[in-house]
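This report concerns only the one structure given below.
Just so it is clear, none of the values below were taken in a lab; they were calculated from the coordinates. All of these numbers come straight from a predicted model, not from anything done at the bench. Virtual Cβ from ideal backbone geometry, glycine too; neighbours counted across all protein chains shown.
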């Protein structure tokens, strides 16, 4: 069972589907329209083992709600691998890590995308291009490597993960 949290246009999703080769399941988390579009693309490539978990565009809605509902439905962890390529912000993805941890099996892996990414360097989200970023985040937050913060403050300090690929992939030990 693989979860991809944040799929954008689904390039990685298709690679996960190919890797699974119709075995197991691939769960996609993002906005509802995105996950449905990508599910259709993956189905057209011949893979039917995809479930979608779509969020609305409401300001405070996110894939975290869908993750919480999965925790509610399953008393034991369900995922072998989780790829977190979501909002890249501490405000959203710090909670995502805690929810994903509840759903990740011992021995499973969590993969963090964009360790050094910042809002300020983003071509589409830097305040000059997307003024709402400047209204939602402080200058410190805009310049911070927020995925790095999640890894350093939450993953490494938990003592429950072993680093497999530097600053990226961690194996759950307990």
Notebook entry, point to check: Any idea what diffusion coefficient the stretch 105-174 gets from Stokes-Einstein, in µm²/s, Kirkwood Rh on alpha carbon pairs, 10 °C, 1.306 mPa s?
Noted result: 120 µm²/s
Next item on the list: Sort 37, 89 so that the residue with the fewest other Cβ atoms within 10 Å of its own Cβ comes first and the one with the most comes last.
Entry: 37, 89
Margin query: If the elastic network links every pair of Cα atoms under 10 Å, which of 146, 73, 41 fluctuates the most in the Gaussian network model of the chain?
Written below: 73
Check: Cα-based Rg (one decimal) and Dmax (whole number) for the stretch 21-62, in Å?
Finding: 11.4, 36
Item checked: Relative contact order of the stretch 71-174, defined on C-alpha pairs under 8 angstrom at six or more residues apart (%) -> 31 percent
Note to self: Can you sort 142, 5, 92 from fewest to most other Cβ atoms within 10 Å of each residue's own Cβ?
What the structure shows: 92, 142, 5
Note to self: Could you tell me the relative contact order of the stretch 123-174? Use alpha-carbon pairs under 8 Å, at least six residues apart, and round to a whole percent.
What the structure shows: 18 percent
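Using just the Cα positions, wrap the stretch 1-75 in a convex hull and report its mean projected area in square nanometres, one decimal place.
Mean shadow area of the hull around the Cα atoms is 4.8 nm².
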Note to self: Suppose we take every Cα in the chain and form the convex hull; what volume per residue is that in Å³?
What the structure shows: 115 Å³
Notebook entry, point to check: For the chain, what relative contact order do you get, as a whole percent, if you take Cα pairs closer than 8 Å and at least 6 residues apart?
Noted result: 19 percent
Notebook entry, point to check: If eta is 1.002 mPa s and T is 20 °C, what Stokes-Einstein diffusion coefficient results for the stretch 70-109, Kirkwood Rh from Cα pairs, in µm²/s?
Noted result: 202 µm²/s
Notebook entry, point to check: Fully extended, how many nm does the chain gain between residue 40 and residue 140 (0.36 nm per residue separation, minus their Cα-Cα distance)?
Noted result: 32.0 nm
Checklist line | Likely footprinting exposure, 70, 26, 153, fewest C-beta neighbours within 10 Å first | finding: 153, 70, 26
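How much of the DSSP bridge set in the chain is antiparallel, in percent, rounded to the nearest 5? Please report the intermediate quantities before stating the final value.
Numbers: 7 of 26 bridges.
Of all bridge pairs located within the chain, approximately 25 percent are antiparallel.
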